[in-house]
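Undergrad: Before I ask anything, here is the structure I am working with.
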Amino acid sequence: MTINATHINYYYVCKRKLWLFTNGINMEHTSDTVYDGKMLHETSYPQRNEKHSELSIEAVYDNISLFGKIDFYDAQQNIIHETKRSDKIEKAHEWQVKFYLWLLKLNGIEGATATLEYPLLRHTDHIALKEDDITQIHKTINDILQLKQSSQCPPVINAKICKSCSYYELCYVDEG
C-alpha cells in the first residue's frame, strides 16, 4: 500500500472519510470547496511559478511506499510552502506538512521547515519537524493501515466541518 499526504490529512479530519478514501471511494472531484482551494493555490502567489517548483517526493518506510506532492518548495531556503483555503482543519494541515518534512528527511534533506499559508485569512504558521513528530507519524501510518484493513466503516462524526466535506451526501444519505 502507498500512504500519501491525503491519507495523513484525512486521518486528522475524519476516520470515516479516510476509510472511504482508502477503499477507493473518492468524492473530491465533486467538491466546489476542493475546486476553490485549487484555484486559490494557483492564483494566490503567481510569482512562485517562476521562482519555486512543485515537488513530488517518495520514500519507503517499513516496506510501505510513501508519497507527497508539495505545493511549493524553495530549495535555496529549504522551506516548504503549503497554501490552504481555511484554518478550520489546521491540525490536519500541520500533520500533512510534517509528513512532507519527514519525506524530505528520509530523502536526505535535513533541516527543512514549512510555512502554512492561509491567504484569505492573511495568516501564516511556521512548522518544524521534531523527533516526537516522527514517532507520531509512525503511529499515524500504522493506524491508517489498520483502518484500511478494517471491514467496518467508522461512524459519521457529526461535526461542523461535515457540511463542507465532499463526502457529506454519502455519509448522511440516510439522514432526513
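Undergrad: Check off (1) in a loop (DSSP other than H, G, I, E, B); (2) under 21 Å from S164 (Cα atoms) for Q76 and give me the number that stays unchecked.
TA: If we test Q76 against (1) in a loop (DSSP other than H, G, I, E, B); (2) under 21 Å from S164 (Cα atoms), just (2) comes out false.
Undergrad: So Y100 clears everything in (1) in contact with a strand residue (DSSP E or B) (Cβ under 7 Å, 6 or more places away or on another chain); (2) within 18 Å of K17 (Cα to Cα) except one condition, right? Which one?
TA: Y100 satisfies every listed condition except (2).
Undergrad: How about region 1-46: which helices (runs of 4 or more DSSP H) wholly inside it have at least 2 residues that are at negative phi and modelled with pLDDT under 55?
TA: Because the criterion is at least 2 residues that are at negative phi and modelled with pLDDT under 55, the helices (runs of 4 or more DSSP H) in region 1-46 that meet it are 32-44.
So that you can scan it fast, the table gives a plain yes or no per residue for (1) charged (D, E, K, R); (2) free of Cβ contacts under 8 Å to residues at least 40 places away in the same chain:
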site	(1), (2)
K69	yes, no
F72	no, yes
I79	no, yes
K84	yes, no
K91	yes, no
W95	no, no
E110	yes, yes
T113	no, yes
D133	yes, yes
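Undergrad: Quick check on region 72-88. Is at least one of its residues closer than 19 Å to K139 by Cβ, loosely packed, with under 15 Cβ neighbours inside 10 Å and at pLDDT below 95?
TA: No; the residues of region 72-88 include none that is closer than 19 Å to K139 by Cβ, loosely packed, with under 15 Cβ neighbours inside 10 Å and at pLDDT below 95.
Undergrad: For residues that are among the β-branched types (V, I, T) and surrounded by fewer than 13 Cβ atoms within 10 Å (Cβ to Cβ), scanning just region 128-176, find the one that is modelled with the highest pLDDT.
TA: Applying the filter and picking the extreme gives T135.
Undergrad: Which one of E54, E58 is surrounded by fewer than 19 Cβ atoms within 10 Å (Cβ to Cβ), at negative phi and at pLDDT below 90?
TA: Only one candidate qualifies: E54.
Undergrad: For I109, indicate whether it is surrounded by 18 or more Cβ atoms within 10 Å (Cβ to Cβ) and either at pLDDT 95 or above or not basic (K, R) (or both).
TA: Here the answer is no, as I109 does not meet what is asked.
The values are calculated or read from the model by the stated rules, or taken from the named source; none is laboratory data. Note that the coordinates shown come from a computational prediction; the quantities given were computed from them, not determined experimentally. Note: ideal-geometry Cβ built from the backbone for every residue, glycine included; neighbour counts use all protein chains shown.
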